[in-house]
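Pasting a structure here, questions to come.
The values are calculated or read from the model by the stated rules, or taken from the named source; none is laboratory data. This is a predicted model, so every value here is computed, not measured. With ideal geometry, Cβ positions are generated from the backbone for all residues, glycine too; neighbour counts draw on all protein chains shown. Areas reflect the complete protein model, heavy atoms only, side chains present, ligands, DNA and RNA absent. Shrake-Rupley method; radii C 1.70, N 1.55, O 1.52, S 1.80 Å.
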Amino acid sequence: MIAVYLCDDEDAVRHQMKTALEWKIFVEDYDMKVVCAAATAQELLDAVEDNRRSVYFLDVDLKDGEWDGFTLGQELRRRDPHGTLIYITSYGDLAWKTFQYHLEAFDYIVKEEDQTGVSAARCLEAVHARLLDERRDPAEVFSLRSGDGVRHVPLDDILFFETVSKTHHVFMHTADSRVDFVGSLSELETKLGGRFVRVHRAYLVAVDKIEAVDRKRNIVRVGGRECLLSRAGRAKLKKRSGGGL
Amino acid sequence: MPVLEEVLDVFVDSLISHAALVVYLLVIMDERGWGRLSRLPVLLFSPLVASWISIVSYKAFSGAPILCYCLDSSVILLMCTLWVKWAWCIGFWRAFAATCMAGVFQVSVSCLSRTLFMTVLLDRASQFMVVMVIYWAAVLGSAALLYRLRFGGWFRLLLEDGFSQRRTALFFFAMEATMEVFIILQKGIQPAYLIPYCLLMMIVVALIAGLVIYLAQRSDAARKIEAQQDVIAQQQLYEQDLEAIRQEVQAFRHDYKNLLAGLSQAADEGELGQLRASLSALDAGFDRRIGQKIQVSAQTGNLLIPQVRSLLLFKLAAMGKKGIDCRLEVLYPVESVCMDVWDLVRCLGILLDNAAEGALETQTPWVEIVLLAQGERLSLRVSNPYEGIIDPDKIWETGFSTKGEGRGLGLSSYQHILTRYSNTVSSTGWAGGVFVQELAIGERP
């Protein structure tokens, strides 16, 4: 069962949303339950259980000591990294992109007299659909700390890792991104195991993404990109392919 | 085995020089209290080590006194720099520059004392007394003069511009080295010319101090002009917003008669639901059209680093003029950042130029900027739509741009700036027709 949490200091809004969400869950027969409708951040945090992939409806303009909507979202992300965050706001002008990028917030609802509950119910429907989707394909992910957040990248998207001129930094390359993070190729090599091969001192490449090996120029082509190939790397690849390369 | 008296002599000499150096350092660092002096005992290592090195090296290479002198001076310079770095909790280059500057003053007064030792001919004890009195009068007098001229403040201003801090520090080092050369050459001056030589030394040092103040005033003036430009840019942005709001209101006035007609009809028929729906549509329309402009103005209020603020306002205004739809989010106040501010400004400038350039090639150009400050950390995200295909092997190469030759010096120098900061991580993405640059600046390493 998926737990649904609610946090808003306005009694009327909280009540309206709770009723609407419960009704939606009942009508659609979702495997969900509104576990807690809290008026303060602390009340919510006391009720939350870690790592349960729960759904949270949070007031953006929450004023509760050290907590505001954003910091509460951060704390929830820390405790429940795969939970779903939805924000409730009184104005349309919240810094939504900040919430989206930094908290991976799912959506936001604008408070409108008697429409708030309806919006919440509609939002829950979208959340439910996405959760079903996720359950269908639990992709293997690679998690890395980049900046102040943790990124989860499907392992299958990664083309290769490359050392950077900055010490202790590594670039991760996918087909449509390049991400800098703190780490070392040797560490990654042992951590990721067989899927990746160290073809050069500076490159750790996904074996199944290798398109061609150019032995004249000592280069490996991976996802349309070029990585350097060392003598030792070539030997490793050869061993991999059973001498076929 | 060196004679005890000799050792003591060297040590006392070194100690006096260090004391003078500290006096000048206090002035140069614009120190207002005496609290910093509690860290002074640690500096005692410097004369101890220095006199030891000096004695040992003179014994070892007695044939090359200049080499010994250089070795001794470099060690003192290094130790004092480290002490300043520790005592004032500042960066190495700033400490180095301050130490070199203090060194310049100190060398000039020690030139004075040497001259006095050679010209005032009395018995040893009273000669020492006389020289010391004049020496300290000169040290304290010049220090007081520098203090009155607010030399420390000007000096700090000169080094604030962290972009050229290392260069400035090396410049001061060059001056210090020159002064050291002068004092070595003193040995070759004929007695008759000693006093003019000494006066010349004083004049040179006064000129150096004047030069520092002059340069600082110049850069201060430049900065003031920049601040004015900030105000102008902000006004431009504001005027643009006002103009846009005015146009929106005009368009609104056009519509509102129709809307009112609809509303009054709904009211006549007693259709409360429809009334309410129309009213909320009106409200949402206002929010969408005018609210957004107001939003950008509100968010710039959270930018508290003047240089960053100035740049952003300027770029936003420029992009607005080109018809790019800009969105800026600054959730929390951005007060400080663990990176040289000018480097950050350069990075931000490159990212914004790049984004604007990319966005302009599309049908509906937009640029989105999200800044999030949390404590000492700052993260920055700039995104824009793009047209065409991105070759990831090429975008970071010097001189590459989707727009052909001669452009795109940006991203490679952006990369280059960041290599100097181990506390930054950057990432780039180009999925789904949107180019995204992210930069996270962490706490000081």
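Only residues in the stretch B:334-351 that are within 13 Å of B:Ser413 (Cβ to Cβ) and open to solvent by 40 Å² or more (accessible area, probe 1.4 Å) count as the first member; pair them with residues that are assigned to a helix (DSSP H, G or I) and of a type in the set (Val, Ile, Thr), Cβ under 9 angstrom, at least 6 apart or cross-chain, and list the lot.
Once the first residue is within 13 Å of B:Ser413 (Cβ to Cβ) and open to solvent by 40 Å² or more (accessible area, probe 1.4 Å) and sits in the stretch B:334-351, its partners that are assigned to a helix (DSSP H, G or I) and of a type in the set (Val, Ile, Thr) give B:Arg346/B:Ile417.
Quick check, is B:Ser412 outside any loop (DSSP other than H, G, I, E, B), at negative phi, open to solvent by less than 40 Å² (accessible area, probe 1.4 Å) and modelled with pLDDT of 90 or more?
When the stated conditions are applied, B:Ser412 does not pass them.
How many of the residues making up the stretch B:352-392 are at the interface with another protein chain (Cβ under 10 Å from one of its Cβ atoms), over 24 Å from A:Phe70 (Cβ atoms) and surrounded by 18 or more Cβ atoms within 10 Å (Cβ to Cβ)?
Final tally of qualifying residues: 1.
Another question, then. Residues of the stretch B:410-437 being over 14 Å from B:Gly358 (Cα atoms), of a type outside the set (Gly, Ala, Ser) and more than 7 Å from chain A (Cβ to nearest Cβ), which ones?
Once the filter is applied, which keeps residues that are over 14 Å from B:Gly358 (Cα atoms), of a type outside the set (Gly, Ala, Ser) and more than 7 Å from chain A (Cβ to nearest Cβ), the stretch B:410-437 yields B:Tyr414, B:Gln415, B:His416, B:Ile417, B:Leu418, B:Arg420, B:Tyr421, B:Asn423, B:Thr424.
So, one more: Would you please name the residue that is nearest to the chain's Cα centre (by Cα), looking only at residues in the stretch A:43-99 that are within 11 Å of chain B (Cβ to nearest Cβ) and of a type in the set (Ser, Thr, Tyr)?
Filtering first and then ranking leaves A:Thr98.
Would you please name the residue that is farthest from the other protein chains (Cβ to nearest Cβ), looking only at residues in the stretch A:114-123 that are crowded, with 19+ Cβ neighbours inside 10 Å and more than 18 Å from A:Gly73 (Cα to Cα)?
A:Ala121
Now a separate question. Would you call A:Leu228 farther than 30 Å from B:Thr419 by Cα and not basic (Lys, Arg)?
Against the criterion (farther than 30 Å from B:Thr419 by Cα and not basic (Lys, Arg)), A:Leu228 does not qualify.
Filter the stretch B:363-377 down to the residues that are within 20 Å of the chain's Cα centre (by Cα) and outside any loop (DSSP other than H, G, I, E, B) and list them by number.
B:Ala373, B:Arg377 - these are the residues of the stretch B:363-377 that are within 20 Å of the chain's Cα centre (by Cα) and outside any loop (DSSP other than H, G, I, E, B).
Moving on. Determine which single condition B:Ala177 fails, assuming it passes every other condition in (1) among the small types (Gly, Ala, Ser); (2) buried (at least 16 other Cβ atoms within 10 Å of the Cβ); (3) touching a residue at least 60 places away in the same chain (Cβ under 8 Å).
Going through the list (1) among the small types (Gly, Ala, Ser); (2) buried (at least 16 other Cβ atoms within 10 Å of the Cβ); (3) touching a residue at least 60 places away in the same chain (Cβ under 8 Å), B:Ala177 breaks only (3).
Does B:Phe171 satisfy the criteria of being open to solvent by less than 40 Å² (accessible area, probe 1.4 Å) and more than 15 Å from the chain's Cα centre (by Cα)?
no
If you don't mind, another one. Going through the stretch B:324-339 one residue at a time, which ones are of a type in the set (S, T, N, Q) and in contact with a Lys or Arg (Cβ under 7 Å, 6 or more places away or on another chain)?
Correct list: empty.
When you check B:Val56 against the structure, is it closer than 24 Å to B:Ala125 by Cα, open to solvent by 40 Å² or more (accessible area, probe 1.4 Å) and over 31 Å from the mean Cα position of the chain (by Cα), yes or no?
No; evaluated as a whole, the condition is false for this residue.
Now, a different point. Which residue, of B:Arg218, B:Arg246, B:Arg223, is open to solvent by 90 Å² or more (accessible area, probe 1.4 Å), more than 20 Å from B:Lys322 (Cα to Cα) and either assigned to a helix (DSSP H, G or I) or at pLDDT 70 or above (or both)?
That would be B:Arg218, the only listed residue that is open to solvent by 90 Å² or more (accessible area, probe 1.4 Å), more than 20 Å from B:Lys322 (Cα to Cα) and either assigned to a helix (DSSP H, G or I) or at pLDDT 70 or above (or both).
Tally time: how many residues in the stretch A:147-163 are at the interface with chain B (Cβ under 10 Å from one of its Cβ atoms) and surrounded by 20 or more Cβ atoms within 10 Å (Cβ to Cβ)?
Residues in the stretch A:147-163 being at the interface with chain B (Cβ under 10 Å from one of its Cβ atoms) and surrounded by 20 or more Cβ atoms within 10 Å (Cβ to Cβ): 2 in total.
Which of (1) outside any strand (DSSP E or B); (2) within 12 Å of chain A (Cβ to nearest Cβ); (3) modelled with pLDDT of 85 or more is the odd one out, the single condition B:Leu328 does not satisfy?
Of the numbered conditions (1) outside any strand (DSSP E or B); (2) within 12 Å of chain A (Cβ to nearest Cβ); (3) modelled with pLDDT of 85 or more, the odd one out for B:Leu328 is (1).
Something else now. What pairs can you find where one residue is in the stretch B:125-143 and in contact (Cβ under 8 Å) with a residue 40 or more places away in the chain and within 17 Å of B:Val205 (Cα to Cα), the other is of a type in the set (S, T, N, Q) and surrounded by 14 or more Cβ atoms within 10 Å (Cβ to Cβ), and their Cβ atoms are less than 6 Å apart, with a gap of 6+ or different chains?
B:Tyr135/B:Ser113
How do the pairs read when you match residues in the stretch B:27-51 that are open to solvent by less than 30 Å² (accessible area, probe 1.4 Å) with residues anywhere that are in a helix (DSSP H, G or I) and among the polar types (S, T, N, Q), using Cβ under 7 Å and keeping only pairs 6 or more apart or on different chains?
B:Pro47/B:Ser14; B:Ala50/B:Ser14; B:Ser51/B:Ser14
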